[in-house]
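The next block holds one structure in the form of structure tokens; read it before the comments.
The values are calculated or read from the model by the stated rules, or taken from the named source; none is laboratory data. Just so it is clear, the structure is predicted and the values come from calculations on it, not from any experiment. Note that we place each Cβ from the backbone using ideal geometry, even for glycine, and neighbour counts take in every protein chain shown.
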Amino acid sequence: MNSRNRSHQRSVFRRRDGLLVFSILLTFSTVLCCEFVWLDHSEIEDAGYRVNSLDDLRRVFTTSLDDYQFRHGGESDSSGGYWRPLYALSISVDWWLWGNNPVAFHAENVIWHCLVVLLLHRIGGQILPRKPWTADAVFLSTFLFATLPINAQSVTWVSGRKDMMAAAFGLLALYRALSVDAATSDRTVRRRIRNIVEIVLAVSCSVLSKESGFIIPVIYVALLWTDTSRLSVPVMAGRFTAMLVTTA
């Protein structure tokens, strides 16, 4: 019976994953008709943040994006700036694949948003107690996150991709870490090491996309700090809501 219940729960989650993706595609379908705007012109079209050579590849990992943008001339304040090399590589690969085609860039942004939402949905199912109504609460809150206008800028603005990349990789790290905690029967050293490497790589990719990725280890420590089996449902619901707000 327990096996049947678990199979039914997985089936429900998969169907709801599909509904979430459909709702995102429906909500953001019009973005595919948009052009490049604002910083997209300087960062992408004018190659400000694009990587076009091996020297550019070295520079994008060793300098701030402000300095990198003026690598061929101009003045920049080298005392600070953002360091987001993975975002720069992402738009560079897109340009190499699609050229000056904003539709492809916008489509990839929508895909990143789908990944973030699906990971949030799964993590919500992990951290909330398995009660009959919690799956509904997780789905509803994730649905609101997926479709509310608060995320419109990151999804519809190509240069906002960095936010979703950092969130997706960070949530992937949390999902893998929580899965490891749940798999108490997994005792092999090799598999443990592999899991740790995957988590570290995911966190690193999050940080390389945007500095907000540094919050992911803090969130994970907060999750471990309290024994989830002793927490009340309202507290766990509040924790999931806090994760949604942090990711937004």
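Regarding SER154, is this residue under 30 Å from GLU35 (Cα atoms), at pLDDT below 90 and of a type in the set (Gly, Ala, Ser)?
yes
Yes/no matrix, rows are residues, columns are (1) modelled with pLDDT under 75; (2) closer than 19 Å to LEU89 by Cβ; (3) more than 11 Å from the chain's Cα centre (by Cα); (4) charged (D, E, K, R):
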site	(1), (2), (3), (4)
LEU172	no, yes, no, no
ALA177	no, no, yes, no
ASP181	yes, no, yes, yes
THR184	yes, no, yes, no
GLU198	no, no, yes, yes
LEU201	no, yes, yes, no
CYS205	no, yes, no, no
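Suppose we filter ASN52, ASN100 for residues that are modelled with pLDDT of 85 or more, in contact with an Asp or Glu (Cβ under 7 Å, 6 or more places away or on another chain) and exposed (fewer than 14 other Cβ atoms within 10 Å of the Cβ); which single one remains?
ASN100
Which of the residues spanning the stretch 138-154 are part of a helix (DSSP H, G or I) and either of a type in the set (Phe, Trp, Tyr) or surrounded by fewer than 20 Cβ atoms within 10 Å (Cβ to Cβ) (or both)?
Correct list: PHE139, LEU140, SER141, PHE143, LEU144, PHE145, THR147, PRO149, ILE150, ALA152, GLN153.
Could you go through the stretch 26-49 and let me know if any residue there is under 18 Å from CYS205 (Cα atoms) and out of contact with any strand residue (DSSP E or B) (no Cβ under 9 Å at 6 or more places or on another chain).
yes
Go through (1) of a type in the set (Phe, Trp, Tyr); (2) surrounded by 15 or more Cβ atoms within 10 Å (Cβ to Cβ); (3) farther than 29 Å from GLU35 by Cβ and name the single condition TRP133 misses.
(2)
Considering only residues that are at pLDDT 80 or above and not aliphatic (A, V, I, L, M), look in the stretch 207-248 and name the one that is surrounded by the most Cβ atoms within 10 Å (Cβ to Cβ).
Residue satisfying both the conditions and the ranking: SER209.
List the pairs whose first member sits in the stretch 158-176 and is without any contact (Cβ under 8 Å) to a residue 40 or more places away in the chain and in a helix (DSSP H, G or I), whose second member is surrounded by fewer than 24 Cβ atoms within 10 Å (Cβ to Cβ) and of a type in the set (A, V, I, L, M), and whose Cβ atoms are under 9 Å apart, counting only residues at least 6 apart or on separate chains?
These pairs meet every condition: ARG176/ILE199; ARG176/ALA202.
Could you tell me whether LEU19 is at pLDDT 90 or above, exposed (fewer than 11 other Cβ atoms within 10 Å of the Cβ) and not in a loop (DSSP other than H, G, I, E, B)?
no
Condition first: in a helix (DSSP H, G or I) and closer than 12 Å to TYR87 by Cβ. Now tell me which residues in the stretch 197-211 satisfy that.
Listed by number, the residues that qualify are CYS205, SER206, VAL207, LEU208, SER209, GLU211.
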